Amino acid sequence: MFQTFKEWFWLERFWLPPTIKWSDLEDHDGLIFVKPSHLYMTIPYAFVLIIIRHFFQKFIASPLAKTFGIKEEVQKKIIPNTVLENFFKHSTRKPSQTDIYGLAKKCNLTERQVERWFRSRQSQDRPCRMKKFQEACWRFTFYLIITIAGIAFLYDKPWVYDLWEVWNGYPRQPLLPSQYWYYILEMSFYWSLLFSLGSDIKRKDFLAHVIHHLAAVSLMSFSWCANYIRSGTLVMIVHDVADIWLESAKMFSYAGWKQTCNILFFIFSTVFLISRLIIFPFWILYCTLILPLHYLQPFFSYIFLNLQLMVLQVLNLYWSYFILKMLKRSIFTKSIRDVRSDSEGEYEEEEEEEEEKEEAVGGKETDRLKNSLGANRHLIPNGQHGR
């Protein structure tokens, strides 16, 4: 049964233009062509990247964070309370006022003590700035390296300057060593991001990132198997170039360099909107959707490739909406918070800081300070890469 499915899955009419056979893509005369088996190596390479990431974050990102003044946060100790702990784990992390009243009666505590216990308990699960900086530093480093490598691989390729060359001779286009490593490293990185989602900081757009990573892996795998390598490398370089600026902006945000962060964010926004809303749809999609029709009749892999690219463009529009929303806010507030992908504990952290200030003031001044803080929160970017 498995053999039957395998034979059906690899039918030439699904992957190749009419009249083209898999035998036409066999290695010959020193020319090497793509093979699906090449992609097996992306999984072990992904784990290698995870190991490299561990040591990078420990020996490079952490010392760099300390240089910027980011310190390891010491978790506050809380008084153990079985009733409150069970409610926290099995009911909700954010009890209502009615819940707080009932828990206070049950534990013989004041409502203020119950509120303070829940805030302290939430802070234990909240990722520290050191961890956020480490993750951003790792992604920044990879995107910087892969973007420089992509430019080095592509700068002398004719299809970068003449899109008709993308389809010249398709699908009998041999695989270059630079294309192999560009694809394999990029795919391995996205596999590593998928494998580490459970341990990374959870963002509000967690599901969008899962869809993005799966779509990226699926798109690269499919384009590899159908030998859409030339167009695939163009898609990758266009999407990588903006992420460098986002991750660098987040690094400076976590370090408290707000002015530098804001400048980098505006650069990121400009590069993102140009690359994702202008170059990608009017250059890449034009290349994959319109130009092939001058060479070939529409066939399955052509349709499926462009459907995946359109899904990717929908995600680009999704993230562009939030970026524009942030830019609109920044015009009026003169500062930025990434409303797209704050970690779940971001606002809780602000509330806890307010609580500490309230305790120091007390009485009527408490309410005044609370209202003042609630009306004047600053915007700081703390979101994830829009890819």
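The values are calculated or read from the model by the stated rules, or taken from the named source; none is laboratory data. Computed from a predicted model, the values in this text were never measured in an experiment. Note that each Cβ is placed from the backbone with ideal geometry, even for glycine, and that neighbours are counted across all protein chains shown. These accessible areas exclude ligands, DNA and RNA; they are computed on the full protein's heavy atoms, side chains included. Shrake-Rupley method; radii C 1.70, N 1.55, O 1.52, S 1.80 Å.
A few notes on this one:
- Both the radius of gyration and Dmax for the stretch 201-339 are 17.1, 55 Å, in that order, over alpha-carbon atoms.
- Cα centroid separation, the stretch 271-314 to the stretch 157-175 (Å): 15
- Karplus-based coupling profile of the stretch 260-268, in residue order and whole Hz: 4, 4, 5, 4, 5, 5, 5, 5, 4, with θ = phi - 60° in 6.51 cos²θ - 1.76 cosθ + 1.60 and x standing for Gly or Pro.
- Relative contact order of the stretch 130-255, defined on C-alpha pairs under 8 angstrom at six or more residues apart (%): 52
- Phi-derived couplings, Karplus 6.51 cos²θ - 1.76 cosθ + 1.60 at θ = phi - 60°, listed residue by residue for the stretch 163-177: 5, 5, 5, 4, 10, 5, x, 4, x, 7, 10, x, 8, 8, x Hz, with x used for Gly and Pro.
- FRET efficiency estimate (nearest 0.05) - Cβ-Cβ, residue 86 to residue 59, R0 45 angstrom: 0.65
- Sequentially through the stretch 137-143, phi angles give Karplus couplings (6.51, -1.76, 1.60; θ = phi - 60°) of 5, 5, 5, 4, 5, 5, 4 Hz, Gly and Pro residues having no value and appearing as x.
- Along principal axes, Cα extents of the stretch 1-87, largest first, whole Å: 72, 41, 19
- Note on surface exposure: 93, 172 rank 172, 93 by accessible area, highest first, 1.4 Å probe.
- 13 Å beta-carbon shell around residue 159, net charge (K/R +1, D/E -1): -1
- Sorted from greatest to least, the principal axis extents spanned by the alpha carbons of the stretch 91-158 come out as 75, 22, 14 Å.
- Dmax and Rg, reported as Rg then Dmax, of the stretch 142-281 (C-alpha, Å): 16.5, 53
- Computed about the Cα centre, the dipole magnitude for the stretch 1-113 is approximately 1100 debye when only Lys and Arg (+1) and Asp and Glu (-1) carry charge, each at its Cβ.
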